[in-house]
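To start, the structure itself, in structure tokens.
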Amino acid sequence: MGFEENLKKLEKIVDELHAEKLSLEKSIEKFEEGVKLGDLCVKALDVMKKKIEVVSKTKDGKLKIKPFEKEE
Amino acid sequence: MLVEPKVRTVSELTQDIKLVLECAFEEVVVEGEISNLRKPSSGHNYFSLKDSTAQIKCVLFKGDAAKIKFSFADGMQVVCHGRVGVYERDGQYQLYVARMEPKGQGALQLAFMQLKEKLAQEGFFDESHKRPLPFLPKVIGVITSPTGAVIRDILHVLERRFHDAHVVIYPVRVQGDEASGEIVQAIEDMNNLKEVEVLILARGGGSLEDLWCFNEENVARAIYKSDIPVISAIGHETDFTIADFVADRRAPTPSAAAEIVLPSRQELEEKIQHLMVFLKRSLEDIVPQNIQRIDDLREAMYHALDSLVANSRVRLEGLINELNALSPLAVLKRGYSITTRFADNRVLQSACELKKGDRVKTKLSEGTFVSEIEEIASR
């Protein structure tokens, strides 16, 4: 599940809970789901790893990826 | 004495004319209208330039033709740069065109307009073809020059917005004749790389000529064909290239492209935090509300029970009064008494039930007494 979908779901749950039309059981269920989604979102942000790479081509036309050296 | 005129061969004469003409018209600029244009499969172009009273045959060789960015046709007013030469076989002088420009406007402007119109007709700029950008792309592909301010600016902004971004740079030339081919190749190669979810095609500012590769048809087609959405970031805010029109999103500058491609991590974190606060608050609202409802119900229940009890009590008292009124003891109060046979406590209704010597018990309103039968007065 993508970060964006999770975030949208979380927004929807908050809206639903604020509308106060759900039963208590359903509200608690939704709340728990919301907490999980929030955790997932926060974790998703941490999963990304900083990497800057550069593509080059070998003589036989194959793509090669190596770290990018910043010119000073 | 008459000198015999020198007799020359046709070839010799032609050679002489050629020499004279080609020396005199080594470099000419001539304007006129294109007519009778032919483009045989050789790739060379043949046409005439004419005005109201004259015309000259023109040749435009394949190599020179390739450098002309706009397309030309009969009836178009053009300015040709070239030299006059003689085609010996046909005894014909003609203009060898090296460069051609449309009259009244720059060649590149015209080429730009022509390509824009052509691609518009093919639907290249349609909104319906624009792909949405991913919200949080796993890998961001950047096609640009590996040196200079552009890549530095992009990396800098990405770093600021989301320090963990994963970027793959595809170095290309962004100026000159080779540039468009390299850009096309880069777009195709990037489409074959795993996890690249969005492309930024970037170049810093420059003249129309400098930016020209982004107005080339092959680049436009490569962007259109790309499965990965493309953000164009070419030149300054005021520069518009064909690539900008085809791209799924145009960024006014390379830095702006970096802003578009990634959300700010800080903003995202704040957003999530806000949502979590809202979430908790909503439950905090809901639970007390439910508790209050329970309390209200309980109170109502007690209230109902209380009145039920009170009603019952009233009814009970009524019943007790009624019962009292009906009680035989009440009769005694009026002076009557109840007599029972002592032996079996049977209530006596007839004197026949008794005989002399029996003992009876008489209950009065207050107290009882026992007596012995002396005589049965009547039956």
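What number comes out for the charge environment of B:ASP90, summing +1 per Lys or Arg and -1 per Asp or Glu over other residues with Cβ under 14 Å away? Don't skip to the answer; put the middle values down first.
On the way: positive: B:LYS18, B:LYS57, B:ARG89; negative: B:GLU88.
Residues close to B:ASP90 contribute a combined charge of +2.
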Please work out the C-alpha center-to-center distance from the range B:120-199 to the range B:243-283 and express it in whole Å. 18
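Within a 10 angstrom radius of the beta carbon, how do B:ILE234, B:ILE260, B:ILE376 rank from fewest other beta carbons to most? Write down the numbers at each step before the final one.
Details: B:ILE234 30, B:ILE260 18, B:ILE376 13.
In increasing order of surrounding Cβ atoms, one gets B:ILE376, B:ILE260, B:ILE234.
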Top positive-direction residue, dipole computed over the protein assembly as shown with Cβ charges, set B:GLY63, B:GLN292, B:MET276: B:GLN292
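Taking only C-alpha pairs under 8 Å that are 6+ residues apart, what is the relative contact order of chain A in percent?
Values: 45 pairs, mean separation 18.6, N = 72.
Once divided by the residue count of chain A, the mean separation gives 26 percent.
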29 Å Cα-Cα reach of A:LYS57 towards lysines, excluding residues that sit fewer than 8 places from it in its own chain: A:LYS49, A:LYS66, A:LYS70, B:LYS67, B:LYS138, B:LYS194, B:LYS225
List the extent of the Cα atoms of chain A along each of their three principal axes, largest first, rounded to whole Å. 66, 29, 15
Using the alpha-carbon atoms, what tilt in degrees (0 to 90, nearest 10) does helix A:3-19 show relative to the longest principal axis of chain A? 10
Taking a ≥ b ≥ c as the square roots of the Cα gyration tensor eigenvalues, with a/c under 1.5 meaning rounded and otherwise prolate when a/b beats b/c, else oblate, which class fits the protein assembly as shown? prolate
With bins 10 Å wide starting at 0, give me the P(r) of chain B over every alpha carbon pair, in whole percents. 4, 14, 14, 10, 9, 7, 5, 4, 4, 3, 3, 4, 5, 4, 3, 3, 2, 1, 1, 0, 0, 0
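Add -39500 (n - 2.57) for each DSSP H run of 4 or more in chain A, then divide by its residues: what number comes out at 222 nm, to the nearest 500 deg cm²/dmol?
Working: 2 runs with 41 residues, N = 72.
Taken over chain A, the calculation gives -19500 deg cm²/dmol.
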Residues whose built amide H sits under 5 Å from the amide H of B:PHE61, excluding neighbours closer than 5 in sequence, are B:ASN45, B:VAL97
Grab the DSSP H runs of chain B that are 4 residues or longer, score each as -39,500 (n - 2.57), total them, divide by all residues and round the 222 nm result to the nearest 500 deg cm²/dmol. -13000 deg cm²/dmol
Counting only Cα, what are the radius of gyration and maximum Cα-Cα distance Dmax of the range B:331-372, in Å? 10.3, 29
Quick one: which residues, 5 or more positions from B:TYR170 or on another chain, have an amide H under 5 Å from its amide H? H modelled 1.01 Å from N in the peptide plane, none for Pro or chain starts. A:VAL55, B:VAL142, B:ILE143, B:THR144
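Rank these for me by crowding, B:ILE56, B:ILE140, going from fewest to most other beta carbons within 10 Å.
B:ILE56, B:ILE140
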Can you return the lysines within cross-link range of B:LYS18? Criterion is Cα-Cα under 19 Å, with same-chain partners fewer than 8 residues away left out. B:LYS6, B:LYS57
Name the lysines eligible as straight-distance cross-link partners of A:LYS30: C-alpha to C-alpha under 22 Å, and not fewer than 8 places from it in the same chain. A:LYS8, A:LYS9, A:LYS12, A:LYS21, A:LYS43, B:LYS271, B:LYS280
Mind putting a number on the dipole of the protein assembly as shown about its Cα centre? Charges go on the C-beta only, +1 for Lys and Arg and -1 for Asp and Glu, and I need it in Debye to the nearest 20. 1780
Cα long-axis angle, helix B:149-161 against chain B (0 to 90 degrees, to the nearest 10): 0
Residue (of B:ASN215, A:ILE65, B:ILE373) at the positive-pole extreme of the protein assembly as shown, dipole from beta-carbon charges: B:ILE373
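Fewest to most neighbouring Cβ within 10 Å: what's the order for B:ILE286, B:ILE143, B:ILE17? Could you put the intermediate results ahead of the total?
Details: B:ILE286 20, B:ILE143 24, B:ILE17 14.
Final ranking by Cβ density, sparse to dense: B:ILE17, B:ILE286, B:ILE143.
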How many angstrom lie between the Cα centre of the range A:11-71 and the Cα centre of the range B:319-351? 94
Compute the signed sum of charges (Lys and Arg +1, Asp and Glu -1) over the other residues within less than 13 Å, Cβ to Cβ, of B:ASN36. +2
The summed charge of the B:LYS280 Cβ neighbourhood (under 14 Å; Lys/Arg +1, Asp/Glu -1) stands at -2
Enumerate the amide H contacts of B:TYR87 below 5 Å, restricted to partners 5 or more residues apart or on another chain; note that Pro and chain-start residues carry no placed amide H. B:GLN92, B:TYR93, B:GLN94
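Any read-out appearing in this document is the output of simple, stated calculations on the displayed coordinates, not a laboratory observation. Everything numeric here is computed off the predicted structure, so don't read it as measured data. Backbone-built Cβ (ideal geometry, glycine too); neighbour counts: all protein chains shown.
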